[in-house]
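Each reported figure results from applying straightforward, stated rules to the coordinates on display, with no laboratory input. Just so it is clear, the model here is predicted, and its values are computed rather than measured. In this analysis, Cβ positions are derived from the backbone assuming ideal geometry, glycine residues included, and neighbour counts consider all displayed protein chains.
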Amino acid sequence: MVRVGLLGCGNVAEVVAGKENGIDIVALYDLDTKRAKYLSEISGAPAFEKFEDFLACDMDIVVEAASVGAVCANAEAILKSGRDMVILSVGALADPDFKRKLIKLAEENNCKVRIPSGAVIGLDNLKIGQISPMSELKLRTTKNPRSLKLDVTERTLVFSGRADECIKKFPKNINVAIALETAGGRPVEVELWADPAVTRNTHEIFAKGDFGDIYMKIENNPCPQNPATSYLAALSIITLLKNLGKSIIIGT
Ligand SMILES: NC(=O)c1ccc[n+]([C@@H]2O[C@H](COP(=O)([O-])OP(=O)(O)OC[C@H]3O[C@@H](n4cnc5c(N)ncnc54)[C@H](O)[C@@H]3O)[C@@H](O)[C@H]2O)c1
């Protein structure tokens, strides 16, 4: 089984580290040392106060579930150490120069950057767009205003435009759009709605191409212990880790 280091010990990491998943967590790091210690108690893995000490541990893969800032600060060192990296805060890849740098480092160090499907489904199929370019790729996300830290009393369009602009304004909330761009190989048009009537984060994906039309709607249940986070995002990381060693790869 792969040995996993968790960069970020928040809501998603807490689900991933749950004993019942059988993931071999060997090291923990979080700027918030209390969170790292808490996860250490749950998982039995050591928590490190310095990133360098965390990275010096004997591990195969680093799972980032922290922030766009954490990816920007640490991804280069992780890839230079030859470890594969799972990036959940995929908004970091909205910067094309940074993305190119990570790809180059991964090639030079014979390792991989893996992007889980996160809070949506269907990223594997949308890779069709890299072969047969899509004429449309659009994301409509609806969240409760509390998640967006907004104070609105009725359904309100808070952003409409390109994904790379949206992630600058909402770095915690629209990672999905950059995941879609990376999969589909083209810019994504984003509509972000704040709706006080909704309790679940909802993502609607619209894609058109020579293959036909796709419409997907994902209504996310919150994590059992942590209502701020979509359970699906944590499950997608567990699924990715559990499938690494399998002989049959479904939907690459
Ligand atoms: N791709 C997706 O579909 C998707 C879905 C859900 C969450 N996310 C992203 O995944 C990340 C984790 O989500 P969460 O709900 O667990 O968040 P969270 O806020 O519950 O936990 C994040 C943890 O990371 C730590 N952290 C932040 N920056 C850090 C840094 N530079 N170095 C070390 N630790 C740092 C925080 O202290 C916190 O404990 C967020 O960036 C979130 O936006 C992406």
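A few points about this structure:
- Just one of the numbered conditions (1) part of a loop (DSSP other than H, G, I, E, B); (2) crowded, with 22+ Cβ neighbours inside 10 Å is not true of Gly82: (2).
- Condition check for Cys72: at negative phi, under 17 Å from the mean Cα position of the chain (by Cα), within 15 Å of the ligand (Cβ to nearest atom) and assigned to a loop (DSSP other than H, G, I, E, B): no
- Per-region count, segment 21-39, residues small (Gly, Ala, Ser) and either within 11 Å of the ligand (Cβ to nearest atom) or over 22 Å from Leu240 (Cα atoms) (or both): 1
- Scanning segment 54-69 for residues being within 13 Å of the ligand (Cβ to nearest atom) and either farther than 20 Å from Leu240 by Cβ or not in a helix (DSSP H, G or I) (or both) gives a total of 9.
- Here Gly122 clears all of (1) without any contact (Cβ under 8 Å) to a residue 60 or more places away in the chain; (2) within 16 Å of Ile178 (Cα to Cα) except the condition numbered (1).
- Residues (among the polar types (S, T, N, Q), under 20 Å from Ile237 (Cβ atoms) and out of contact with any strand residue (DSSP E or B) (no Cβ under 9 Å at 6 or more places or on another chain)) located in segment 117-134: Ser117
- Segment 203-229 - residue that is small (Gly, Ala, Ser) and touching a residue at least 40 places away in the same chain (Cβ under 8 Å) and, of those, farthest from the ligand (Cβ to nearest atom): Gly209
- Enumeration of residues in segment 28-50 that are under 20 Å from the mean Cα position of the chain (by Cα) and assigned to a helix (DSSP H, G or I): Arg35, Ala36, Leu39
- Selection within segment 3-16 - farther than 16 Å from Ser230 by Cα and hydrophobic (A, V, I, L, M, F, W, C): Val4, Leu6, Leu7
- Selection within segment 85-118 - in a helix (DSSP H, G or I) and under 22 Å from Val16 (Cα atoms): Val90, Gly91, Ala92
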